[in-house]
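Notes to accompany the following structure.
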Amino acid sequence: MDQKRNNRFMPIIMAVCVVVGILIGTFYANHFSGNRLSIINTSSNKLNNLLHIIDDQYVDTVNVNDLVEKAVPQILAELDPHSVYISAKDVQMANDDLRGSFSGVGIEFIIRQDTLRVQQVIGNGPAERAGVIAGDKIVKVDDENFTGKTLTNEVAMHKLKGPKDTKVKLGIMRYGEKTIRNIVVTRGEIPTKSVTAAYMLNKGTGYIRIKNFGENTYPELLIALAKLSQEDFQNLTIDLRGNTGGYLQSAVQIANEFLPKNRLIVYTQGRKSQRQEYRSDGRGSYQRIPLVVLIDEGSASASEILAGAIQDNDRGTIIGRRSFGKGLVQQPIEFNDHSMIRLTIARYYSPSGRCIQKPYVSGNNKNYEEDILTRYEHGEFFSQDSIKHEGKEYHTAIGRPVFGGGGITPDIFIAEDTTDVTSYYKQASMSGLIIQYAYEYTDANRQTLKGISSVDDMTKYLQKQNMVDKFASYADKNGLKRRNLMIQRSHKLLERFINSRIIYNMMSEEAWMKYLNSDDPAITEALKVFRENSAFPKAPEKK
């Protein structure tokens with residue numbers, strides 16, 4: 001009898017067990033493995049619902065697409081300072097510098113008095129082949145007016161860039177001519193160089209400036225090294241000052257050229273990204289050449305990877321000021337409309353194990369963005385003792401102490417010299433008046449300046465032209481009151497800035513760097529290191 005009663009209730013008991021099991025499973029799923037997904041689904045539904053409600057019920061007509069375009073950057077800003085959104089129209093421009101080339105006409109321009117003026121023409125590029133010369137003013141594009149308050153760099157780039165082999169008609173006003181000259185240019189691939197200077201500092205020392213790390217940086221470096229080899233260089237200075245970074249792979253390839261086999265160059269690691277190491281393969285052709293790397297507060301990301309690899313492996317001497325401190329790895333992710341985000345997925349770590357990234361507070365980028373100014377005000381640009389090391393101490397391969405907590409601290413510190421900086425000089429440089437004057441002087445004297453072929457000869461010529469006094473008169477007419485005592489005190493700085501821009505306008509970026517490096521204290525220190533045979537760091541003495 002009892003057995004029959006038990007059999008009768010068995011289906012009910014089993015059903016209760018199943019229900020309890022489902023409830024328990026749901027509880028654990030919600031509170032553990034599935035909880036984050038549930039939150040994401042709930043939140044994304046909330047966002048979608050919000051947009052639908054706004055579109056359906058808001059008092060005024062709203063462009064929901066525009067609303068999303070504005071909202072996405074705000075969401076990413078809550079994560080970290082380097083996760084960013086790039087709209088579809090800006091993606092190409094954002095990628096061009098790193099791609100190594102873009103399709104356009106091949107000119108460098110500035111906009112002055114609402115008019116586009118050709119500053120330089122790329123050698124053997126489409127514009128030069130069509131007859132465009134430096135100094136030309138482009139006043140029409142495809143028979144439409146191309147001047148006025150609405151003319152911006154972005155507008156100009158949009159009009160002049162375009163698919164390869166397409167044609168654009170330029171209406172040009174040339175110096176000394178009264179009528180518009182029409183020139184048809186067939187767009188072509190324009191190289192964007194990241195190695196912008198390679199020359200000899202003295203008889204035995206080569207110099208290479210790397211502007212950024214793009215797709216072609218490594219082959220460009222090999223060409224530069226081959227050029228210097230023909231001049232029998234025995235020491236090498238690599239200038240990364242102001243280099244904001246680029247592709248990780250390019251930095252790794254360049255580090256590999258100078259490191260012995262199986263040396264750790266950098267590693268990355270993140271919450272969903274397993275540790276990935278990048279090591280040298282021992283095939284580099286310059287593993288023993290004395291090396292100096294120059295950095296400053298503008299050196300970031302891939303620049304810091306290269307500098308950190310050289311420093312932590314005791315392969316060379318780092319000279320300058322503490323680097324920016326960008327050690328977050330971004331992965332590009334494209335949307336259907338061709339816009340994209342660069343989402344931080346990992347962090348960079350130098351070979352000693354220090355994280356290159358400086359501290360930040362999620363969702364609060366103000367202090368992060370003002371970090372360089374804070375360093376300046378704190379005195380870090382003027383005294384090595386003012387550098388704040390917020391991270392713990394690490395050690396290089398031979399035991400030298402290095403610090404984490406943001407950026408690469410140089411082995412030899414170079415203070416920024418502000419002795420002769422006056423408020424007049426600051427206004428003259430920050431207002432753009434010096435660049436504007438230099439262009440107008442270049443334009444008015446182009447025929448004379450064309451006959452000067454070397455940087456040294458150009459420097460000697462300009463030093464005889466009383467450039468500072470001429471600039472002061474020009475600036476006075478353009479709103480910057482003449483201050484003779486301040487001008488006298490800042491005379492050397494003013495002359496250096498004015499002359500450098502004229503050399504840049506007339507010659508090349510390499511010529512510009514040659515002029516600036518001629519009295520640069522970091523270059524002077526690098527040459528001293530080579531003279532004293534101290535480019536390879538020595539192990540600290542044991543106490």
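The values are calculated or read from the model by the stated rules, or taken from the named source; none is laboratory data. Computed from a prediction, not measured in an experiment: that's the story for all the values here. Positions of Cβ are backbone-derived with ideal geometry, glycine not excepted, and every protein chain shown enters the neighbour counts. Keep in mind that these areas ignore ligands, DNA and RNA; they rest on the heavy atoms of the full protein, side chains included. Shrake-Rupley method; radii C 1.70, N 1.55, O 1.52, S 1.80 Å.
Here Ala29 meets the list (1) open to solvent by 50 Å² or more (accessible area, probe 1.4 Å); (2) among the hydrophobic types (A, V, I, L, M, F, W, C); (3) over 30 Å from Arg342 (Cα atoms); (4) at pLDDT below 80 almost entirely, failing just condition (1).
Within region 123-176, being farther than 19 Å from Ser103 by Cα and not in a loop (DSSP other than H, G, I, E, B) holds for Lys137, Val139, Lys140, Glu144, Asn145, Gly171, Ile172, Met173.
How about region 94-145: which of its residues are at pLDDT 90 or above, open to solvent by 20 Å² or more (accessible area, probe 1.4 Å) and small (Gly, Ala, Ser)? Correct list: Ala130, Gly131.
Right, Thr442: modelled with pLDDT of 80 or more, of a type in the set (S, T, N, Q), touching a helix residue (DSSP H, G or I) at 6+ places or on another chain (Cβ under 9 Å) and assigned to a helix (DSSP H, G or I) or not? Break it down into steps so the answer makes sense when it comes.
Numbers: modelled with pLDDT of 80 or more: yes; of a type in the set (S, T, N, Q): yes; touching a helix residue (DSSP H, G or I) at 6+ places or on another chain (Cβ under 9 Å): yes; assigned to a helix (DSSP H, G or I): yes.
In short, yes.
Within the set Asp420, Asp469, Asp457, the sole residue that is outside any helix (DSSP H, G or I) and either surrounded by fewer than 19 Cβ atoms within 10 Å (Cβ to Cβ) or on the phi < 0 side of the Ramachandran plot (or both) turns out to be Asp420.
If you go through region 445-459, how many residues are of a type in the set (S, T, N, Q) and out of contact with any helix residue (DSSP H, G or I) (no Cβ under 9 Å at 6 or more places or on another chain)? Don't jump to the end; show me each part of the working.
Taking region 445-459 and keeping what is of a type in the set (S, T, N, Q), we get 445, 447-448, 453-454, 459.
Imposing the further condition that a residue be out of contact with any helix residue (DSSP H, G or I) (no Cβ under 9 Å at 6 or more places or on another chain) reduces the set to 447, 453.
Residues that pass the stated criteria total 2.
Screening Lys159 with (1) at pLDDT below 90; (2) closer than 29 Å to Asn445 by Cα; (3) buried (at least 17 other Cβ atoms within 10 Å of the Cβ) gives one miss only, at (2).
Answer with yes or no whether Leu222 is aliphatic (A, V, I, L, M), in contact with a Phe, Trp or Tyr (Cβ under 9 Å, 6 or more places away or on another chain) and surrounded by fewer than 21 Cβ atoms within 10 Å (Cβ to Cβ). So Leu222 fails the test.
Residues in region 486-543 that are open to solvent by less than 40 Å² (accessible area, probe 1.4 Å), part of a loop (DSSP other than H, G, I, E, B) and free of Cβ contacts under 8 Å to residues at least 40 places away in the same chain: Asp520 alone. Of all residues in region 321-343, exactly one satisfies the criterion of being surrounded by fewer than 19 Cβ atoms within 10 Å (Cβ to Cβ) and hydroxyl-bearing (Ser, Thr, Tyr), namely Ser339.
One line per residue, one yes/no per condition, for (1) of a type in the set (Lys, Arg); (2) open to solvent by 10 Å² or more (accessible area, probe 1.4 Å):
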| residue | (1), (2) |
| --- | --- |
| Gln269 | no, yes |
| Arg279 | yes, yes |
| Arg288 | yes, yes |
| Leu294 | no, no |
| Ala302 | no, no |
| Asp312 | no, no |
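For region 163-179, the set of residues classified as closer than 18 Å to Leu116 by Cα and open to solvent by less than 70 Å² (accessible area, probe 1.4 Å) consists of Val168, Lys169, Leu170, Gly171, Ile172, Met173, Arg174, Glu177, listed by residue number.
Pairs, please: C-beta under 7 Å, at least 6 apart or cross-chain, first residue more than 22 Å from Gln74 (Cα to Cα) and in a helix (DSSP H, G or I) and in region 35-62, second open to solvent by 70 Å² or more (accessible area, probe 1.4 Å) and modelled with pLDDT under 60? That search, which allows pairs on different chains as well, returns Ser38/Asn30. Of the residues making up region 441-477, those that are closer than 20 Å to Leu493 by Cβ and of a type in the set (D, E, K, R) are Lys460, Lys464, Asp469, Lys470, Asp476.
Tell me yes or no: at least one residue of region 180-193 is in a loop (DSSP other than H, G, I, E, B) and open to solvent by 80 Å² or more (accessible area, probe 1.4 Å). Scanning region 180-193, I find at least one residue that is in a loop (DSSP other than H, G, I, E, B) and open to solvent by 80 Å² or more (accessible area, probe 1.4 Å), so the answer is yes.
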